[in-house]
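Presented below is the structure to which this report refers.
Nothing in this text is a laboratory measurement; each read-out follows from the coordinates by a stated rule. As the structure is a prediction and not an experimental result, all values here were calculated from the model. Backbone-built Cβ (ideal geometry, glycine too); neighbour counts: all protein chains shown.
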Amino acid sequence: MAVQTLRTYKPVLEHLPKLLRKETGFSVLEAIGNTPLVKLSKLSKNGINIFAKLEFLNPSGSIKDRMALYIIDSAEKKGLLKPGSIIVEATSGNTGVSIAMISAVKGYNAILVMPENTAKAKQQMMHALNAKIVLVPKEEGMEGVVKKAREIAERTRGFLVDQFSNEDNIRAHYEGTGREILSQLDDKIDAFVSGVGTGGTLIGVGRALKEKYPNLKLIAVEPEKSPALYNFFYGKDPARIIGIPHVIEGIGEGFVSKILRDNMSLIDEVVLVSDEDAIQTAIMLARKEGLLCGISSGANVYACLKVAEKLKEGNIVTVLPDGGYRYLDILLKNLP
């Protein structure tokens, strides 16, 4: 039986943000990262341990804080941003909230382009953080949103974050999320499971973990209704899915990003998850583990349970990308 050794507190204490040490001169941005890694005790059994990194504890409430800050900091170092600059990005929600928060702190003007059916709670958060919102008809899919964002960036001479292609997206998770996981868990990691939108989390963390554990299985997760990567990975058609709605926001964007296409050799498997299974697993996490998290978190953990069925023993790690308070309307109406 695999014996897990968590070292959650050591790295958190070593890198404790100034915000938590009660020092002066801190910014909310210093609270990004160094999230806890916890064992899902009720779901871990028969020699299989499932660990989840609580990314909803980032300041704006999602894992996207990491990528957004890394890309913006990198752009500043390259001289691409100065006070008052315009930042433009295509988003399905969480990235937009992260960019809006960071822009508010750093003095930038955020223009965020998203599908018209993006959760109202996320739109309201971006608006509250002083971002300008541009809505695109849902029939155009995420590729239409990306196209619109590029047009706006060119017209306004703004900085385009370009999360679906930007290598800094990968670096944020390679240097941050992935290395944190390695510092927090002593034992061998057998699989890392993550939903894919841009693919930055999967590929960045996957690179870091596979350097230490070459036989680790890297598992991508997609909505059953939007299997673009699944189709591409297994040689099926189509590799673009437009206009088919699903409720697992943040993943399953309907096309295969450049980040994923360029790193396909790292991926070992793609698991599809239905809306219902993602929702019910999110509810189960709240009721059994006390973790009120989002629907993509439910999808990730559901996929972990499917992966666990194939292992005799071992350790599986995933991320819980955002919190459930953004999706309470969906979760509450689906309570068993």
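Filtering K236, K225 for residues that are more than 13 Å from E89 (Cα to Cα) and free of Cβ contacts under 8 Å to residues at least 12 places away in the same chain leaves a single hit, K236.
Tell me whether segment 281-299 contains one or more residues that are of a type in the set (S, T, Y) and either closer than 23 Å to I203 by Cβ or in contact with a His (Cβ under 6 Å, 6 or more places away or on another chain) (or both). Break it down stepwise before answering.
Filtering segment 281-299 for residues of a type in the set (S, T, Y) gives 281, 296-297.
Next, only the ones that are either closer than 23 Å to I203 by Cβ or in contact with a His (Cβ under 6 Å, 6 or more places away or on another chain) (or both) stay: 296-297.
Yes, some residue in segment 281-299 is of a type in the set (S, T, Y) and either closer than 23 Å to I203 by Cβ or in contact with a His (Cβ under 6 Å, 6 or more places away or on another chain) (or both).
Sub-6 Å Cβ pairs linking a first residue in segment 136-159 that is within 25 Å of P245 (Cα to Cα) and touching a residue at least 12 places away in the same chain (Cβ under 8 Å) to a second residue that is small (G, A, S) and surrounded by 15 or more Cβ atoms within 10 Å (Cβ to Cβ), at least 6 apart or interchain, are V136/G144; G141/G254; M142/G254; V145/A90; V146/A90; A149/A90, ordered by first then second residue.
Looking only at residues that are free of Cβ contacts under 8 Å to residues at least 12 places away in the same chain and more than 20 Å from the chain's Cα centre (by Cα) in segment 317-336, which one is nearest to S44 (Cα to Cα)?
Here is the first cut: in segment 317-336, the ones free of Cβ contacts under 8 Å to residues at least 12 places away in the same chain are 328-329, 332-333.
Pick out the ones that are also more than 20 Å from the chain's Cα centre (by Cα) and you get 329, 332-333.
Values: D329: 29, L332: 26, K333: 28 Å.
So, considering only residues that are free of Cβ contacts under 8 Å to residues at least 12 places away in the same chain and more than 20 Å from the chain's Cα centre (by Cα), the one nearest to S44 (Cα to Cα) is L332.
Residues in segment 67-89 that are within 25 Å of P321 (Cβ to Cβ) and among the β-branched types (V, I, T) were compared, and the one that is nearest to the chain's Cα centre (by Cα) is I71.
What are the residues in segment 63-85 that are outside any helix (DSSP H, G or I) and touching a strand residue (DSSP E or B) at 6+ places or on another chain (Cβ under 8 Å), if any? Give the derivation first.
Applying the first criterion (outside any helix (DSSP H, G or I)) to segment 63-85 yields 63, 78-85.
The answer is I63, L80, L81, G84, S85.
Of the residues K77, K45, the single one that is closer than 24 Å to I259 by Cα and free of Cβ contacts under 8 Å to residues at least 40 places away in the same chain is K77. All conditions in (1) more than 15 Å from N300 (Cβ to Cβ); (2) surrounded by fewer than 24 Cβ atoms within 10 Å (Cβ to Cβ) hold for A172, with the sole exception of (2). Suppose we filter E180, E151, E140 for residues that are touching a Leu at 6+ places or on another chain (Cβ under 9 Å) and charged (D, E, K, R); which single one remains? Exactly one residue qualifies, and that residue is E180. Within segment 26-62, the set of residues being touching a strand residue (DSSP E or B) at 6+ places or on another chain (Cβ under 7 Å) and among the aromatic types (F, W, Y) comprises F51, F56. Taken together, the residues in segment 90-106 that are of a type outside the set (A, V, I, L, M) and either over 16 Å from the mean Cα position of the chain (by Cα) or part of a helix (DSSP H, G or I) (or both) amount to 6. If you take the residues in segment 243-277 that are under 20 Å from N117 (Cβ atoms) and of a type in the set (V, I, T), which one is surrounded by the fewest Cβ atoms within 10 Å (Cβ to Cβ)? Per the stated criteria, the residue is I244. Among the residues of segment 107-120, just one is assigned to a strand (DSSP E or B) and closer than 17 Å to Y327 by Cα, namely P115. Which of the residues spanning segment 239-260 are touching a residue at least 24 places away in the same chain (Cβ under 8 Å) and either among the acidic types (D, E) or touching a Phe, Trp or Tyr at 6+ places or on another chain (Cβ under 9 Å) (or both)? Hits for segment 239-260 are R240, I241, I242, V247, E249, E253, F255, V256, S257, K258, I259, L260.
The residues in segment 295-327 that are within 30 Å of Y213 (Cα to Cα), of a type outside the set (K, R) and not in a strand (DSSP E or B) can be counted, and the count is 17. Against the criterion of being touching a Phe, Trp or Tyr at 6+ places or on another chain (Cβ under 9 Å) and over 23 Å from R179 (Cα atoms), L272 qualifies. Please verify whether segment 100-115 includes one or more residues that are buried (at least 24 other Cβ atoms within 10 Å of the Cβ) and basic (K, R). Within segment 100-115, not a single residue is buried (at least 24 other Cβ atoms within 10 Å of the Cβ) and basic (K, R). Across segment 207-242, which residue is farthest from C293 (Cα to Cα) among those that are charged (D, E, K, R) and buried (at least 20 other Cβ atoms within 10 Å of the Cβ)? Ranking the qualifying residues of segment 207-242, first place goes to K217.
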